[in-house]
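The values are calculated or read from the model by the stated rules, or taken from the named source; none is laboratory data. Predicted, not measured: the structure shown is a model, and the values here were computed from it. Here Cβ is always computed from backbone atoms with ideal geometry, including for glycine, and neighbour counts include all displayed protein chains.
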Amino acid sequence: MAALSSKGSPQLVISAIGSDRPGIVNALSQLIVQNNGNIDDSRMTVLGGEFAIILLISASLNELKTIEQVLKQQANYLELNIITKQTDGDALPHSVSVEKKIPYIVEVLAMDNPGIVYQLADFFSSREINIQSLQTDRYPAPHTGTQMFAIEMIITVPQSIIINDLREDFLNLCDDMNLDASIEAPRL
């Protein structure tokens, strides 16, 4: 869920990675709440035994600065590599178009092969379509054990793009790559 801050409100993006163990989320959230921060949005996962988290925090500017300082001081104790970046909420860089964008869900399933993510990212990037989120998973197929690769992404498509044309081009690319794929509007 996107942050509910007003446009231009100060926010802090926190990225942290470290060996997976119980209590990391508890320790980070405790530091944030003790310093009057609010977690507006987050993503976390374990990859290869490493825990990774991205948090979007809202608070006053002074409180955000305090949270940044406390996180830097506590990084070694928490056994985390922590990067922080202040942002002004939903403000857009001057170079970003303000054209309305419509979200779509893209799902792809295939036998695992190198370059799938690159080719899909290249397809959307070349059309000025932003990938909002991307999740991949690799697993053995039932019965055969063949390595399968699944991708789920949310893209934002500019209103000026005709979705039926985009869908047709995307599915043609996927057919050429031997990928099962779909591109659909999110269900409400």
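Any chance region 21-35 includes a residue that's without any contact (Cβ under 8 Å) to a residue 24 or more places away in the chain and among the basic types (Lys, Arg)?
The answer is no, given that none of the residues of region 21-35 is without any contact (Cβ under 8 Å) to a residue 24 or more places away in the chain and among the basic types (Lys, Arg).
Any residue in region 147-159 that's under 18 Å from Glu99 (Cβ atoms): show its pairings with residues that are part of a strand (DSSP E or B) and hydroxyl-bearing (Ser, Thr, Tyr) at Cβ separation under 7 Å, as long as the two are six or more apart or on different chains.
Sorted first by the residue in region 147-159, then by its partner, the pairs are Ile154/Ser133; Ile155/Tyr104; Val157/Tyr104.
Among the residues of region 145-154, is any part of a loop (DSSP other than H, G, I, E, B), under 30 Å from Gly48 (Cβ atoms) and either touching a strand residue (DSSP E or B) at 6+ places or on another chain (Cβ under 8 Å) or of a type in the set (Phe, Trp, Tyr) (or both)?
From region 145-154, those part of a loop (DSSP other than H, G, I, E, B) are 145-146; that's our starting set.
Still in the list and also under 30 Å from Gly48 (Cβ atoms): 145-146.
Adding the requirement that they be either touching a strand residue (DSSP E or B) at 6+ places or on another chain (Cβ under 8 Å) or of a type in the set (Phe, Trp, Tyr) (or both) leaves 146.
Checking region 145-154: at least one residue is part of a loop (DSSP other than H, G, I, E, B), under 30 Å from Gly48 (Cβ atoms) and either touching a strand residue (DSSP E or B) at 6+ places or on another chain (Cβ under 8 Å) or of a type in the set (Phe, Trp, Tyr) (or both).
Out of the residues in region 48-79 that are outside any helix (DSSP H, G or I) and of a type in the set (Asp, Glu), state the one that is farthest from Ile17 (Cα to Cα). First the steps, then the outcome.
Within region 48-79, the subset outside any helix (DSSP H, G or I) is 48-60, 79.
Next, only the ones that are of a type in the set (Asp, Glu) stay: 50, 79.
On the way: Glu50: 7, Glu79: 9 Å.
Taking the candidates together, the pick is Glu79.
Yes or no, residue by residue, for (1) part of a loop (DSSP other than H, G, I, E, B); (2) closer than 21 Å to Ser125 by Cα; (3) in contact with a Cys (Cβ under 9 Å, 6 or more places away or on another chain):
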{"position": "Asp137", "(1), (2), (3)": "no, no, no"}
{"position": "His143", "(1), (2), (3)": "yes, no, no"}
{"position": "Asp169", "(1), (2), (3)": "no, yes, no"}
{"position": "Leu173", "(1), (2), (3)": "no, yes, no"}
{"position": "Ile183", "(1), (2), (3)": "no, yes, no"}
{"position": "Pro186", "(1), (2), (3)": "yes, yes, no"}
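Tell me, which residue of region 104-145 that is closer than 19 Å to Ile162 by Cβ and either polar (S, T, N, Q) or without any contact (Cβ under 8 Å) to a residue 60 or more places away in the chain (or both) is surrounded by the most Cβ atoms within 10 Å (Cβ to Cβ)? Write out each step before concluding.
The first filter runs over region 104-145 and keeps only residues closer than 19 Å to Ile162 by Cβ, leaving 104-106, 123-130.
Remaining after also requiring either polar (S, T, N, Q) or without any contact (Cβ under 8 Å) to a residue 60 or more places away in the chain (or both): 123-130.
Numbers: Phe123: 17, Phe124: 18, Ser125: 11, Ser126: 8, Arg127: 14, Glu128: 13, Ile129: 20, Asn130: 14.
Per the criteria, the residue is Ile129.
Only one of Glu63, Glu107 is more than 29 Å from Ile183 (Cα to Cα) and at pLDDT 95 or above. Can you tell me which?
Working: Glu107 fails: more than 29 Å from Ile183 (Cα to Cα).
One residue alone meets the criteria, Glu63.
What number goes with the only condition from (1) without any contact (Cβ under 8 Å) to a residue 40 or more places away in the chain; (2) in contact with a helix residue (DSSP H, G or I) (Cβ under 9 Å, 6 or more places away or on another chain); (3) not assigned by TED's automatic domain parsing to the domain that holds Val46 that Val70 does not pass?
Every condition holds for Val70 apart from (3).
Out of curiosity, is Ile151 β-branched (Val, Ile, Thr), assigned by TED's automatic domain parsing to the domain that holds Gly115 and either surrounded by fewer than 11 Cβ atoms within 10 Å (Cβ to Cβ) or farther than 13 Å from Ala110 by Cβ (or both)? Write out each step before concluding.
Details: β-branched (Val, Ile, Thr): yes; assigned by TED's automatic domain parsing to the domain that holds Gly115: yes; either surrounded by fewer than 11 Cβ atoms within 10 Å (Cβ to Cβ) or farther than 13 Å from Ala110 by Cβ (or both): no.
Considered against the rule, which asks whether it is β-branched (Val, Ile, Thr), assigned by TED's automatic domain parsing to the domain that holds Gly115 and either surrounded by fewer than 11 Cβ atoms within 10 Å (Cβ to Cβ) or farther than 13 Å from Ala110 by Cβ (or both), Ile151 comes out as no.
Quick check on my filter: what residues within region 80-104 are in a loop (DSSP other than H, G, I, E, B) and modelled with pLDDT of 95 or more? Outline the logic, then answer.
Going through region 80-104, the residues in a loop (DSSP other than H, G, I, E, B) turn out to be 80, 88-100.
Within region 80-104, just Leu80 meets the criteria.
Is one or more of the residues making up region 7-25 closer than 28 Å to Met153 by Cβ, assigned to a helix (DSSP H, G or I) and not assigned by TED's automatic domain parsing to the domain that holds Met153?
For region 7-25, residues closer than 28 Å to Met153 by Cβ, assigned to a helix (DSSP H, G or I) and not assigned by TED's automatic domain parsing to the domain that holds Met153: present.
Could you list, in sequence order, the residues of region 48-82 that are out of contact with any strand residue (DSSP E or B) (no Cβ under 9 Å at 6 or more places or on another chain) and loosely packed, with under 14 Cβ neighbours inside 10 Å?
Gly48, Ser60, Asn62, Gln69, Gln73, Asn76, Tyr77
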